[in-house]
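As C-alpha cells, the structure follows; a few thoughts come after it.
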C-alpha cells in the first residue's frame, strides 16, 4: 500500500483527519549533566599530525607526531583534549646515527621519575629506518637521545619502525614494533620484546606476534599498539597503504605481551573509512583523568586522501569501551541532528545527537540546559523569534531551553501534551511565530501542542496525517501566521494541517516524492508561499503551495550522492539563504 493510500485510509479512521492522536502521553524530564560537552564531530587538531601518540601527565596531555615543519617530533599540549596548542619540538636533537627528515611515529612512557620517548629515524649507515630512544625529566620534553646506536634495527628484515611501549599490570614493560620489510620486498611482521624497568634496554627473546595474512590487510600491517582493558589484552594494528582510503585498523587478542596473539578482524577491519573520515590508522591508546580509555589516531578528510590531493592526516581522539561480548567498541561520535538560522541571518546554531548546541557564523556561544554524553537522544532544534535563545527536543518529547550569549534563559515549556519517557518517538517540533508555544511531531504523525512560560497552550492541530504504528513522519513546519503548517513524511509527502478553526493551508504542488524510500530529512517554508524539502543526500527540492510561484533552485548546498549524510535544514528570516547540517555536525550555508 502506498503512503498516500495509507493516509487516505487514516483519514477515514480518524473522523475526517481530526486532531491526531499520538503515542500514549506521559510526563518526561531530562536532567542536565551541568558539564560542557567535548565535541567529537571534528578532529582534535585540524593540522597535519600523523602517527599520533598522547601521553597524559597529571591534568596535562602531550601529543607527539611524525616530523613536519622543521620539528623532529611534532608536539601539541592540551588541558582538556579539546583545545590543542602547538609547542616546541619534543626531540630537538637527533642521535648521531640518525639522519634528519625521517623521524616517525614517536611514543612515550613514564618510567621512574622521568619519561622515555621511542622514535623511528633514518639509519645513516644503511639508509633503513630504525628505532631510537630518548629521555627527559618532563613529559613534554625536550627529550635527549640515549645511546650511540639504535634500540631496534632489524637491517636484515628491512629495518624497524612504529615502536610502542606497553606497561602490563604487573609493572613489566614491553616494546612492540614492525619490521619494515615492505621497503624492500621482504616479509612484514609485528614484534614484541621485554624492556628493562627503566625502558632503555631490551631483554629476553623477541616474539613475532602477527603478519599480514588477510585480504583487507594487503600488502602490509604496521603501527602496533597494545592495551589491556576489560580483562583482555588487545593488540591493535593498521593495515593496507597509509596514503589510501583503504588504510584501516584491526585488532588481535593475546595471551600475554609476548603472545601468542589471535586475530579477531579476519574478514575486515575493526575501524575503517566512514563518512567524512578516510583511512583511519596509527592508533595509540591513553587514559583520561578519570581513567577512561581513549584512542588517538590519524585520518584523512574524505575527498582529500593523500598529500597530492591537498589532504592532511589530522589528529582524532575517540573513547573506547569493551562491549558485552568482550570486544572493543568506539564510543559513537555524536551526529548532526538539527540546524536553526537566526532571524538576522548572521549565523545560527547546530545541534548534535548528544544535545550539544554549537554556534556558527557571527553568533555568540550557546548556553544549553541539557546534554546527554554518549546518548543519541537529541532530535531537533529551533530558535525563538528574537534570536536570543531557543529549544532542543529530545527523542522522548522533552523540550529544553538554551540561551545565546548573555541573554537570559528562555522560559521552560508547560502544558506539554506529548512526552514518552523511554520511547524514542519524537521527530521534530515547530515554534509559533510569536514564541508562545508550538507543536511536537511524533514519528506516527501526531502533533502535540505545548506552551512556553505563562502563555496558554496552542489550540489542537486538525487535519494532520497520522500513520499509527509507522514511524514515518520526518519534519513539521508552521506558516508565518501560525495558523497551520505541513508535516513531511519520509517519502516526500507534505500533509497540511490547520490550528484550531483556522482555514486549511494551501495544497502543496510539485513536491519531490520518492515512493517507498525513507529519504526526506527536513522541510522549510519561504515568505510568499512554497518552500523546500531536504533529502538525505543533501539535495534541496523546491515546492509551491496553491497558486504561488515555485521557489528558485538552491545554490551552493553540499550534496553527498547515495550517502545518508544530510540531517536538517533551516532558512534565514528573509528566505534568501539557508543552512544544511550533515551527519558530522558541520553546517553549510547555501543561497537561492
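Looking at 139, 63, 105, 44, which is the one that is touching a residue at least 60 places away in the same chain (Cβ under 8 Å) and outside the structural domain of residue 198 (by TED's automatic domain parsing)?
Working: 139 fails: outside the structural domain of residue 198 (by TED's automatic domain parsing); 63 fails: outside the structural domain of residue 198 (by TED's automatic domain parsing); 105 fails: outside the structural domain of residue 198 (by TED's automatic domain parsing).
The unique qualifying residue is 44.
Any residue at all in the range 204-211 that's part of a loop (DSSP other than H, G, I, E, B), in the same structural domain as residue 321 (by TED's automatic domain parsing) and in contact (Cβ under 8 Å) with a residue 12 or more places away in the chain? Steps first, please.
As a first pass, look at the range 204-211 and keep what is part of a loop (DSSP other than H, G, I, E, B): none.
Looking for residues that are part of a loop (DSSP other than H, G, I, E, B), in the same structural domain as residue 321 (by TED's automatic domain parsing) and in contact (Cβ under 8 Å) with a residue 12 or more places away in the chain, one finds none in the range 204-211, hence no.
Sort out which residues of the range 479-508 are outside any loop (DSSP other than H, G, I, E, B), over 18 Å from residue 550 (Cα atoms) and in contact with a helix residue (DSSP H, G or I) (Cβ under 8 Å, 6 or more places away or on another chain), and write them in order of number.
Hit for the range 479-508 is 489, nothing else.
Can you tell me which residue is farthest from the chain's Cα centre (by Cα) among those in the range 159-175 that are without any contact (Cβ under 8 Å) to a residue 60 or more places away in the chain and crowded, with 21+ Cβ neighbours inside 10 Å? Can you show your working first?
Filtering the range 159-175 for residues without any contact (Cβ under 8 Å) to a residue 60 or more places away in the chain gives 159-160, 163, 165, 167, 169-171, 175.
Restricting the remaining residues to those that are crowded, with 21+ Cβ neighbours inside 10 Å gives 159-160, 163, 165, 175.
Values: 159: 37, 160: 34, 163: 29, 165: 28, 175: 32 Å.
Of everything passing the filter in the range 159-175, 159 is farthest from the chain's Cα centre (by Cα).
Evaluate the following for residue 560: is it over 30 Å from residue 302 (Cα atoms), in contact (Cβ under 8 Å) with a residue 24 or more places away in the chain and part of a loop (DSSP other than H, G, I, E, B)? Reasoning before the result, please.
Numbers: over 30 Å from residue 302 (Cα atoms): no; in contact (Cβ under 8 Å) with a residue 24 or more places away in the chain: yes; part of a loop (DSSP other than H, G, I, E, B): yes.
When the stated conditions are applied, residue 560 does not pass them.
Tell me which of these residue 244 doesn't satisfy, since it passes every other one: (1) within 21 Å of residue 564 (Cβ to Cβ); (2) in a loop (DSSP other than H, G, I, E, B); (3) in contact with a strand residue (DSSP E or B) (Cβ under 7 Å, 6 or more places away or on another chain).
(1)
Run residue 324 past the list (1) within 21 Å of residue 432 (Cβ to Cβ); (2) at pLDDT below 95 and report the number of the one that doesn't hold.
(1)
Hey, residue 258 hits all of (1) buried (at least 17 other Cβ atoms within 10 Å of the Cβ); (2) assigned to a loop (DSSP other than H, G, I, E, B); (3) without any contact (Cβ under 8 Å) to a residue 40 or more places away in the chain but one; which does it fall short on?
So the condition that residue 258 fails would be (3).
Evaluate the range 25-34: report whether one residue or more is closer than 23 Å to residue 285 by Cβ and either out of contact with any helix residue (DSSP H, G or I) (no Cβ under 8 Å at 6 or more places or on another chain) or at pLDDT below 95 (or both).
Initially, the range 25-34 is screened for residues closer than 23 Å to residue 285 by Cβ, giving none.
Taking every residue of the range 25-34 in turn, none turns out to be closer than 23 Å to residue 285 by Cβ and either out of contact with any helix residue (DSSP H, G or I) (no Cβ under 8 Å at 6 or more places or on another chain) or at pLDDT below 95 (or both).
Being closer than 21 Å to residue 524 by Cβ and more than 15 Å from the chain's Cα centre (by Cα), is that true of even one residue in the range 367-378? I'd like the intermediate steps shown before the answer.
Initial filter on the range 367-378 (closer than 21 Å to residue 524 by Cβ): 378.
Subsequent filtering for residues that are more than 15 Å from the chain's Cα centre (by Cα) retains none.
Taking every residue of the range 367-378 in turn, none turns out to be closer than 21 Å to residue 524 by Cβ and more than 15 Å from the chain's Cα centre (by Cα).
Given the residues 230, 268, 259, which is the only one that is under 24 Å from residue 323 (Cα atoms) and out of contact with any strand residue (DSSP E or B) (no Cβ under 7 Å at 6 or more places or on another chain)?
Details: 230 fails: out of contact with any strand residue (DSSP E or B) (no Cβ under 7 Å at 6 or more places or on another chain); 259 fails: out of contact with any strand residue (DSSP E or B) (no Cβ under 7 Å at 6 or more places or on another chain).
Exactly one residue qualifies, and that residue is 268.
Name every residue in the range 408-421 that is at pLDDT 95 or above and exposed (fewer than 13 other Cβ atoms within 10 Å of the Cβ), in order of residue number.
Selection gives 408 alone.
Can you find a residue that is touching a strand residue (DSSP E or B) at 6+ places or on another chain (Cβ under 8 Å), touching a residue at least 24 places away in the same chain (Cβ under 8 Å), farther than 30 Å from residue 390 by Cα and not in a strand (DSSP E or B) anywhere in the range 328-349?
The initial filter retains those residues of the range 328-349 that are touching a strand residue (DSSP E or B) at 6+ places or on another chain (Cβ under 8 Å), namely 328-331, 333-343, 345-349.
Pick out the ones that are also touching a residue at least 24 places away in the same chain (Cβ under 8 Å) and you get 328, 330-331, 333-343, 345, 348-349.
With the extra rule that they be farther than 30 Å from residue 390 by Cα, the set shrinks to 328, 330.
Next cut, not in a strand (DSSP E or B) only: none.
Within the range 328-349 (the criterion being touching a strand residue (DSSP E or B) at 6+ places or on another chain (Cβ under 8 Å), touching a residue at least 24 places away in the same chain (Cβ under 8 Å), farther than 30 Å from residue 390 by Cα and not in a strand (DSSP E or B)), the answer is no, since none of the residues qualifies.
Going by the structure shown, is residue 94 in a loop (DSSP other than H, G, I, E, B), touching a residue at least 24 places away in the same chain (Cβ under 8 Å) and in contact with a strand residue (DSSP E or B) (Cβ under 8 Å, 6 or more places away or on another chain)?
Numbers: in a loop (DSSP other than H, G, I, E, B): yes; touching a residue at least 24 places away in the same chain (Cβ under 8 Å): yes; in contact with a strand residue (DSSP E or B) (Cβ under 8 Å, 6 or more places away or on another chain): yes.
So residue 94 passes the test.
Among (1) over 20 Å from residue 380 (Cα atoms); (2) in contact with a strand residue (DSSP E or B) (Cβ under 9 Å, 6 or more places away or on another chain); (3) surrounded by fewer than 19 Cβ atoms within 10 Å (Cβ to Cβ), which single condition is residue 561 missing?
(2)
So which residues in the range 538-559 are under 11 Å from residue 592 (Cα atoms) and either modelled with pLDDT of 95 or more or not assigned by TED's automatic domain parsing to the domain that holds residue 587 (or both), if there are any at all?
The first filter runs over the range 538-559 and keeps only residues under 11 Å from residue 592 (Cα atoms), leaving 540, 542, 551-557.
Within the range 538-559, 540, 542 qualify.
If we scan the range 6-23, do we find a residue that is outside any helix (DSSP H, G or I), surrounded by fewer than 13 Cβ atoms within 10 Å (Cβ to Cβ) and at pLDDT below 70? Break it down into steps so the answer makes sense when it comes.
Filtering the range 6-23 for residues outside any helix (DSSP H, G or I) gives 14-23.
So of that shortlist, the ones also surrounded by fewer than 13 Cβ atoms within 10 Å (Cβ to Cβ) come out as 15-16.
Among the residues that remain, those that are also at pLDDT below 70 are: 15-16.
Within the range 6-23 (the criterion being outside any helix (DSSP H, G or I), surrounded by fewer than 13 Cβ atoms within 10 Å (Cβ to Cβ) and at pLDDT below 70), the answer is yes, since at least one residue qualifies.
Which of the strands (runs of 3 or more DSSP E) found entirely inside the range 351-462 contain at least 1 residues meeting this: closer than 27 Å to residue 578 by Cβ and out of contact with any strand residue (DSSP E or B) (no Cβ under 8 Å at 6 or more places or on another chain)?
On the way: elements: 357-361, 366-368, 378-383, 389-394, 399-404, 426-431, 437-442, 447-452.
Counting at least 1 such residues, we get no strands (runs of 3 or more DSSP E) at all.
I need the full set of residues from the range 518-537 which are surrounded by fewer than 18 Cβ atoms within 10 Å (Cβ to Cβ), within 34 Å of the chain's Cα centre (by Cα) and modelled with pLDDT under 95, in order please.
537
Restricting attention to the range 259-271, does a residue exist that is under 18 Å from the mean Cα position of the chain (by Cα) and not assigned by TED's automatic domain parsing to the domain that holds residue 578? I'd like the intermediate steps shown before the answer.
In the first step, residues of the range 259-271 are kept if they are under 18 Å from the mean Cα position of the chain (by Cα); the result is 270-271.
Narrowing the set further to residues that are not assigned by TED's automatic domain parsing to the domain that holds residue 578 leaves 270-271.
The answer is yes, given that some residue of the range 259-271 is under 18 Å from the mean Cα position of the chain (by Cα) and not assigned by TED's automatic domain parsing to the domain that holds residue 578.
Take residue 267 and tell me if it is over 17 Å from residue 166 (Cβ atoms) and either touching a residue at least 24 places away in the same chain (Cβ under 8 Å) or part of a strand (DSSP E or B) (or both).
On the way: over 17 Å from residue 166 (Cβ atoms): yes; either touching a residue at least 24 places away in the same chain (Cβ under 8 Å) or part of a strand (DSSP E or B) (or both): yes.
Yes; evaluated as a whole, the condition is true for this residue.
Determine which member of the set 304, 314, 290 is on the phi < 0 side of the Ramachandran plot and crowded, with 19+ Cβ neighbours inside 10 Å. If you could, list the steps in order and put the result at the bottom.
Numbers: 304 fails: crowded, with 19+ Cβ neighbours inside 10 Å; 290 fails: crowded, with 19+ Cβ neighbours inside 10 Å.
None of the others qualify; the one that does is 314.
Does residue 405 satisfy the criteria of being in the same structural domain as residue 460 (by TED's automatic domain parsing), farther than 25 Å from residue 460 by Cα and surrounded by fewer than 18 Cβ atoms within 10 Å (Cβ to Cβ)?
Values: in the same structural domain as residue 460 (by TED's automatic domain parsing): yes; farther than 25 Å from residue 460 by Cα: yes; surrounded by fewer than 18 Cβ atoms within 10 Å (Cβ to Cβ): yes.
Spelling it out, residue 405 is indeed in the same structural domain as residue 460 (by TED's automatic domain parsing), farther than 25 Å from residue 460 by Cα and surrounded by fewer than 18 Cβ atoms within 10 Å (Cβ to Cβ).
I'd like the full set of residues that are at pLDDT below 95 and within 25 Å of the chain's Cα centre (by Cα), limited to the range 212-242.
230
The values are calculated or read from the model by the stated rules, or taken from the named source; none is laboratory data. Keep in mind that this is a model prediction, so the values were computed, not measured. Quick reminder, even Gly has a Cβ in these numbers, built from the backbone with ideal geometry, and neighbours come from all protein chains shown.
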